[in-house]
Each structure stands twice: as structure tokens, then as C-alpha cells.
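The values are calculated or read from the model by the stated rules, or taken from the named source; none is laboratory data. Since the model is a prediction, treat every value here as computed from it, not as a measurement. Reconstructed Cβ throughout: ideal geometry from the backbone, glycine too, with neighbour counts over all protein chains shown. Remember, those area values only see protein heavy atoms, side chains included, never the ligands or the DNA or RNA. Shrake-Rupley method; radii C 1.70, N 1.55, O 1.52, S 1.80 Å.
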Amino acid sequence: MLKAASAPEPGTPLTAGFDVGGTNIRAALVAPDGTCSHRINEKTPQDAKELEDLLVQLVGQLNEAARAAGYGEVAAVGIAIAGFIDPTCECVRFAPHLPWRDAPVRRTMHERLGVPVRIEHDANAAAWGEYRFGAGRGVDEWVFVSIGTGIGAAIIHDGELYRGAHGTAPEFGHIVVDPSPHGRKCSCGKRGCLERYASGTALPDTTRELRPKYETALPADAAGREVTDAARAGDRLGQAVMHEFGVQLGRGLSIVADVLDPQLIVVGGGVADDADLFLGTACETMRDNMVGAGYRPVPTLATTELGGPAGMIGVADLARSALTPKQ
């Protein structure tokens with residue numbers, strides 16, 4: 001669970017953390033120990049200038065809150081973004097649900113705010129938050145998988161974020177778990193991607209496919225939340241859907257384990273709230289499908305400790321590093 005906010009010492013430089021999604025912007029003041037205060041939630045504008053104007057406005061609000069609490073002004077700003085970031089963390093190359101395209105967001109916001117600014121992919125930011133203050137503390141080789149509408153992911157290697165050659169690693173959501181011609185079509189252009197079987201948007205599809213096999217009270221157009229609620233209430237179809245969810249997730253994670261051999265895999269995102277319905281199945285399936293099954297260590301499978309604020313906390317901590325003189 002996220003620890004309760006505690007008052008930092010007077011004079012402590014606070015950073016502002018933003019999590020910019022396609023629907024909402026979340027923001028907060030973040031102290032050096034990862035605790036949050038003065039949280040803000042706003043709708044995300046779909047025009048780039050309006051979005052940048054709103055970020056400036058919200059930093060102003062957080063500045064007022066910091067001054068009122070006796071901590072001066074925000075010393076640095078971190079912005080977690082649901083989109084592709086270049087390897088230098090300067091430019092948002094593409095964000096499917098945001099208006100930025102090849103946009104120099106870090107420089108633009110630094111010029112407008114006059115303080116150090118750090119931008120980061122939202123899954124990387126959440127993973128860093130968990131590494132510094134949550135489930136990944138003390139583990140230098142591990143993987144973060146965020147399961148919500150789709151699947152986001154991050155790799156911590158030797159205590160650092162791993163980005164790949166072009167800044168887009170990793171895309172675990174597009175590992176193929178059903179290579180057959182009947183694999184579900186994915187928005188990425190492939191068929192059978194993990195994201196099409198083990199994400200929030202996959203639950204209704206699995207429900208429709210399995211419906212003929214079970215008596216159920218679930219409506220034909222049941223949404224993901226209805227499916228998980230039904231599973232908890234003992235509905236056989238709901239339980240079967242969540243079992244299949246765990247099997248497919250475990251298959252995908254077995255490939256991750258074969259390639260990266262992580263010590264730990266942390267599952268976060270909105271669907272992680274219902275991890276008790278599928279995580280055990282996922283762990284068993286991962287273990288049974290790993291190369292050398294039964295003769296090698298199995299990664300620990302755990303859930304996030306920071307929850308939804310992990311991205312804000314992580315990117316604010318990354319922004320804080322700009323305030324520390326290089327040795």
C-alpha cells in the first residue's frame with residue numbers, strides 16, 4: 001500500500017510529478033521520500049498548446065500549495081507521458097492518445113517553467129517509483145508490467161532503466177501468445193498479441209468466446225468490471241475468463257523470463273487491483289512454460305505497492321536528480 005504523506009522538513013526541495021494520460025492528468029507535490037501531497041486531477045486537452053498551458057497552470061497551483069505549506073516553490077518538474085519518448089528523454093515522438101508528435105516537450109516546458117524538467121515514458125516512470133519506494137526496492141534486475149486498457153512495461157537492469165537502442169523497449173504487450181491464423185487482431189497490425197488476451201479490453205472478448213460453455217448471469221455485452229465482479233461472486237463464466245486471463249499472462253511472462261531472467265516481475269495498472277483472481281494461475285503457467293522448467297529459479301511475481309501514483313512519484317524522483325550536483 002502507498003504510505004501516507006508525511007510533512008517534509010522545512011526547506012526540503014519539493015518536485016512536481018505529473019502523469020499525463022489520454023483522458024486525465026494527475027499531478028502532486030512529491031517529497032524526497034516518495035510521499036505525495038496536494039494531488040490534482042484534470043481532463044487532458046487534445047490540443048498541444050492547451051495541454052502545455054494546463055501543465056503550466058497546474059505547476060502554478062502546486063507552487064501556491066508549496067509556498068502555503070512553507071516549502072518555497074517547486075524545484076523541478078517530472079512529466080510521465082503515455083507515449084514514445086526518444087532515448088535522451090527530450091522529445092515525445094508519438095503518443096496515440098495525446099496531441100504531441102515529434103515534440104521537444106522537455107525543452108518547451110523547461111523554457112516555460114524556468115526549472116529543471118524531466119519527461120519519461122509512463123511505464124518507466126512507474127517502474128522507477130516502485131524501484132525507489134515500492135515493490136522493487138533493493139532489486140536491480142526486474143521487470144514491471146502495467147496492465148490496464150493495454151499493456152505497458154519497463155525493465156530495470158543493473159539498477160537503471162533499460163530503453164533499447166531507440167528508446168522504445170520493451171513492448172511486452174505485443175509478444176505473440178497465439179500464433180495461429182485465428183489469433184485475435186491487434187491494433188499494432190499483428191495477431192495473437194498478449195495485450196489482446198491479458199488486458200482490460202481483452203476481458204469482454206474472452207467472455208464472448210467462452211460464453212457458450214457456461215451458464216451465466218453476465219450480460220452479452222459485459223464490461224471488464226462486470227466480469228471481475230461476477231468472478232468474485234462465483235459466476236462460472238467470470239471465473240473461467242479470469243483463469244484464461246491468468247494462463248495467457250503466464251505464457252507471455254514465461255517468454256519474458258526466458259529472455260531476461262529477471263529476479264522479480266511486478267504487475268501494476270488498473271487490472272492489478274484484481275490480481276488475486278489471476279496472479280496465481282499466471283505464476284503457475286509461467287513456471288511450467290519456462291525453458292528448463294523445474295531446474296531453474298522462477299522469478300517472483302508480485303503486485304505494485306505504490307498503485308496509481310507510481311508514475312508521478314517515479315518521474316518526480318527522476319526530476320529531483322537534476323538538483324543533485326554531479327560528482
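So what's the angle, to the nearest 10 degrees on a 0 to 90 scale, between helix 122-133 and the longest Cα principal axis of the chain?
80 degrees
Note down the nm distance, to one decimal, between modelled labels 7 Å out along Cα→Cβ at K213 and at T88.
5.2 nm
Output ³J(HN,Hα) for region 39-54: one whole-Hz value per residue in order, computed from phi by the Karplus curve 6.51 cos²θ - 1.76 cosθ + 1.60 with θ = phi - 60°, and x for Gly and Pro.
Working through the residues one at a time gives 6, 10, 9, 9, 5, 8, x, 9, 10, 4, 5, 5, 5, 5, 4, 5 Hz.
Can you work out ³J(HN,Hα) from phi for every residue in region 104-109, in order, using Karplus 6.51 cos²θ - 1.76 cosθ + 1.60 and θ = phi - 60°, giving whole Hz and x for Gly and Pro?
x, 5, 4, 5, 4, 6
Relative contact order for region 211-327: what is it in percent, counting Cα pairs under 8 Å that are at least 6 residues apart?
Numbers: 109 pairs, mean separation 29.0, N = 117.
Across region 211-327, relative contact order equals 25 percent.
Using modelled backbone amide H atoms (1.01 Å from N, in-plane), which distant-in-sequence or interchain residues come within less than 5 Å of T300's amide H?
Excluding prolines and chain starts, which carry no amide H, the hits are L264, I265.
Which angle between 0 and 90 degrees, to the nearest 10, do you get for helix 236-260 versus the longest principal axis of the chain when only C-alpha atoms count?
Tilt of helix 236-260: around 70 degrees.
In terms of the Cα gyration tensor, with a ≥ b ≥ c the square roots of its eigenvalues, is the chain rounded because a/c is under 1.5, prolate because a/b exceeds b/c, or oblate?
Judged from the Cα gyration tensor, the chain comes out prolate (a/c at least 1.5, a/b above b/c).
With the cut-off at 1.5 for a/c, could you classify region 234-327 from its C-alpha gyration tensor as rounded, prolate or oblate?
It comes out oblate by the Cα gyration axes.
5 Å is the cut-off here: which amide hydrogens, built 1.01 Å from N in the peptide plane, fall below it relative to V117, excluding neighbours closer than 5 in sequence?
V77
Say we join alpha carbon atoms closer than 10 Å with springs in a Gaussian network model of the chain; which of I40, I25, I79 then has the biggest fluctuation?
I40
In whole Hz, what ³J(HN,Hα) sequence does region 70-81 give by Karplus (6.51, -1.76, 1.60; θ = phi - 60°), x for Gly and Pro?
x, 10, x, 9, 4, 8, 7, 10, x, 10, 8, 10
Multiplying the sequence separation of S180 and N41 by 0.36 nm and subtracting their Cα-Cα distance, what value in nm do you get? Walk me through the intermediate numbers first.
Numbers: separation 139, 0.36 × 139 = 50.04 nm, distance 4.25 nm.
Contour length minus the Cα-Cα distance gives 45.8 nm.
Let me cross-check T12: its accessible surface, 1.4 Å probe, with only protein heavy atoms counted, in Å² to the nearest 10?
Approximately 20 Å² of T12 is accessible to the 1.4 Å probe.
How do 262-269, 30-37 rank on mean C-beta neighbours within 10 Å, highest first?
Descending mean neighbour count gives 262-269, 30-37.
Please calculate how many Å² of accessible area the chain carries per residue, with a 1.4 Å probe and no DNA, RNA or ligand atoms counted.
So the chain comes to 45 Å² accessible per residue, rounded to a whole number.
Kindly identify region 1-159 as rounded, prolate or oblate by the Cα gyration tensor criterion: order the square roots of the eigenvalues as a ≥ b ≥ c, call it rounded if a/c is under 1.5, otherwise compare a/b with b/c, prolate if a/b is larger, else oblate.
Working: a/c = 1.66, a/b = 1.05, b/c = 1.58.
Oblate shape, in that a/c is at least 1.5 and b/c is the bigger or equal ratio.
Quick check: the distance between the Cα centres of region 258-281 and region 89-138, to the nearest angstrom?
24 Å
For a quick check, take a GNM of the chain with Cα springs below 10 Å and name the residue from E195, E130, E73 with the largest mean-square fluctuation.
E73
Just flag the trypsin sites (Lys or Arg not before Pro) in region 227-327 sitting in loop per DSSP whose Cβ has no more than 10 other Cβ atoms within 10 Å.
Hits after loop and neighbour filter: K326.
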